[in-house]
Amino acid sequence: METTQLVNENPFLSIREGRLYLEDVDLVEVAKTHGTPLFVVSENYLRQNIRAYKSAFEAHWPEGKVKVMPSVKANPNIAIRKIIDSEGAGCDVFGPGELECVLRAGVSGKNISVNGSIKNKEIIQKAIALGATIILDSPKELELCIEGAQKLGMRANILLRLKPWLGDTDEMSDFLPNCEIRRLTQTIKYGIPTTEVLAMAKSLKSCKEVNLLGVHIHMGRHSKKLSIWELLIESYVLLIKELSGILNGWTPQIVNFGGGFAASLDKETRVAQTDYATPTVEDYAKSLTSAFRNSMTNVNLSTKGILIEVEPGRATHNQTGLHLTTVKNIKHETTNINHKWAEVDTSEVFLGIQGVNPTPPFDYIVASKADEPNEMTCDIVGVTCNAEWLFENVTVPSLCEEDVIALLNTGSYIEPMAANFNALPRPGMALISGNQCNMIKRHETVDEVFSRQVVPKYLDKNS
């Protein structure tokens with residue numbers, strides 16, 4: 001008789017008859033059928049996360065509409081983007097590659113924001129033609145928008161990406177604990193320097209080629225403290241007020257709060273500081289909308305009808321994904337020391353981690369022995385010629401060859417950064433929905449690893 005036990009605070013993971021399941025699919029069978037290493041995503045968890053952000057912000061923003069705009073960079077996959085689009089969410093894209101991803105997914109231009117630095121005239125003209133929103137990152141991009149609009153006989157829809165000054169805080173960043181957030185938000189490249197954006201506003205007063213729809217910010221995952229987010233919004237509104245004064249009382253139709261929201265478990269390999277309270281989606285929504293509403297009131301600007309956009313990339317994706325790897329060999333030293341290694345077929349270069357990891361970088365479950373006691377201590381090591389200490393000196397059930405291990409919380413920013421060190425082909429990705437499992441990105445082949453390399457004729461002995 002089947003038994004079910006939920007694990008790891010993830011409502012879509014369970015243990016059934018000793019095996020790990022995601023939704024209603026046995027992950028050991030997924031590994032055998034599709035091969036490892038393999039990234040796996042839960043469709044229903046993804047949908048749940050998008051709906052949670054939309055409903056929470058809508059509940060706290062009766063003045064206008066809300067649009068959830070998960071960043072494509074967190075998981076740039078066509079099938080994933082189709083799911084997000086079917087939930088009525090938009091997308092924040094960086095560069096021509098991500099724009100191509102969402103177009104192949106059938107996303108409408110009205111649901112696309114083209115973001116990022118040094119946008120060229122080709123992507124700006126493409127965005128104008130699509131009716132997408134262009135988030136300006138520099139004065140040069142305004143010039144390109146004007147040029148593109150004139151060429152196409154259309155107007156460009158734009159937001160200005162601002163850099164609010166968090167001058168009243170000396171809080172340190174969770175990303176870089178030795179650096180102040182207020183400095184990083186100014187020195188990290190993205191956004192228009194305030195000196196330049198105020199000058200741009202003057203030229204926008206008479207610009208007929210663009211529709212200045214609103215403004216955009218992105219603090220990123222520097223802090224989970226709601227007080228920092230509130231200060232960000234307050235500083236944001238002060239800049240909006242300055243722009244309004246220059247633009248003869250203009251108020252934005254769209255105000256984008258950016259991303260950087262922590263996933264609920266906040267299991268992050270790329271964030272140094274995570275071990276303090278994580279706000280809920282409801283906390284973020286209430287805090288940010290209240291700070292925005294109060295700040296706008298304080299500077300005598302109306303909030304009526306303003307569309308709020310939020311970009312929960314990591315919060316949308318991180319916990320929806322896991323990574324499957326198979327044990328290929330066990331080594332045991334007893335002569336000089338007593339030490340064991342479990343060698344698996346994945347790598348740190350597929351997982352965005354490097355070097356020795358004194359603490360496990362991911363939560364993990366031995367999917368093939370999910371309810372067995374921990375009786376073995378070993379290092380779990382990856383496949384490249386690096387040291388590959390994925391997990392050092394950890395306790396696990398008694399492992400043997402072909403056991404399957406699931407590394408949890410790998411849904412955001414992990415797979416897109418996979419590399420080809422040692423000329424290894426990169427892993428594929430599977431999508432689980434209920435009791436179905438489908439590949440949505442096939443495993444790379446060795447031929448594809450070398451497909452871009454060219455040998456000059458003078459080096460080719462056969463020529």
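The values are calculated or read from the model by the stated rules, or taken from the named source; none is laboratory data. These numbers come from a predicted model, not from an experiment. Glycine gets a Cβ as well: all are built from the backbone with ideal geometry, and neighbour counts include every protein chain shown. The accessibility values were calculated without ligands, DNA or RNA, using every heavy atom of the protein model including side chains. Shrake-Rupley method; radii C 1.70, N 1.55, O 1.52, S 1.80 Å.
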(Q) Projecting each Cα onto the charge dipole of the stretch 288-391 (Lys/Arg +1, Asp/Glu -1 at the beta carbon, about the Cα centre), which of W341, T297, V383 comes out farthest on the positive side? (A) T297
(Q) Tell me which trypsin sites (Lys or Arg not before Pro) from the stretch 287-346 have a DSSP coil assignment and no more than 15 other beta carbons within 10 Å of their own. (A) K304
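Among 221-227, 15-21, how do they line up from the highest to the lowest mean number of other beta-carbon atoms within 10 Å? Before the final figure, lay out the partial values.
Numbers: 221-227: 19.9, 15-21: 18.0.
Highest to lowest by the protection proxy: 221-227, 15-21.
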Q: Could you grab the relative contact order for the stretch 384-463? Cα pairs under 8 Å, six or more apart, rounded to a whole percent.
A: 20
Q: Could you tell me which trypsin sites (Lys or Arg not before Pro) in the stretch 137-182 are loop residues by DSSP with no more than 13 other beta carbons within 10 angstrom of their beta carbon?
A: none
Q. What size of dipole, in debye to the nearest 20, comes out for the stretch 165-305 about its Cα centre when the only charges are +1 on Lys and Arg C-beta atoms and -1 on Asp and Glu C-beta atoms?
A. 500
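I'd like the carbon and sulfur percentage of the solvent accessible area for the stretch 393-462, probe radius 1.4 Å, heavy atoms only, ligands and nucleic acids excluded. It would help to have the intermediate numbers written out before the result.
Working: 2100 of 4180 Å².
Taking all protein chains in place, the stretch 393-462 shows 50 percent carbon and sulfur surface.
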Q) Taking Cα centroids, how far is the stretch 18-50 from the stretch 218-285 in Å? A) 32
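Roughly how many debye, to the nearest 20, is the charge dipole of the chain about its Cα centre, given +1 on each Lys and Arg Cβ, -1 on each Asp and Glu Cβ, and no other charges?
With Lys and Arg at +1 and Asp and Glu at -1, about 2260 debye.
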(Q) Working only with C-alpha atoms, what are the Rg and Dmax values of the chain, expressed in angstrom? (A) 24.3, 81
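On a 1.4 Å probe surface of the protein chains, which of D379, D168, D371 comes out largest in accessible area, and what is the full order?
D168, D371, D379
Within the accessible area of the stretch 98-250, what % is carbon and sulfur when the probe is 1.4 Å and the other protein chains stay in place? Intermediate values should be presented prior to the final figure.
Details: 3400 of 6580 Å².
C and S fraction of accessible area: 52 percent.
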(Q) Accessible area per residue for the stretch 1-150 in Å², computed with a 1.4 Å probe and the full protein assembly in place, what is it? (A) 40
(Q) Compute the angle between helix 194-204 and the longest alpha-carbon principal axis of the chain, please, reported from 0 to 90 degrees and rounded to the nearest 10. (A) 50
Q) Toward the positive end of the charge dipole of the chain, about the Cα centre and with charges on Cβ (Lys, Arg +1; Asp, Glu -1), which of T187, Q319, I78 goes farthest? A) T187
Q: Give the accessible surface of the stretch 352-451 per residue, rounded to a whole number of Å², with probe radius 1.4 Å and ligands, DNA and RNA excluded.
A: 46
**Q.** Options S173, C145, Y284, ranked by Cα towards positive dipole end of the chain, top entry (Cβ charges)
**A.** C145
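Just flag the chymotrypsin sites (Phe, Trp or Tyr not before Pro) in the stretch 216-287 sitting in loop per DSSP whose Cβ has no more than 10 other Cβ atoms within 10 Å.
Numbers: sites: W229, Y236, W250, F257, F261, Y276, Y284; in loops: W250, F257, F261, Y276.
Taking the stretch 216-287 and a limit of 10 other Cβ atoms within 10 Å, the loop chymotrypsin sites (Phe, Trp or Tyr not before Pro) found are Y276.
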Q.
Please give the Cα centre distance for the stretch 157-197 versus the stretch 97-139, rounded to the nearest Å.
A. 23
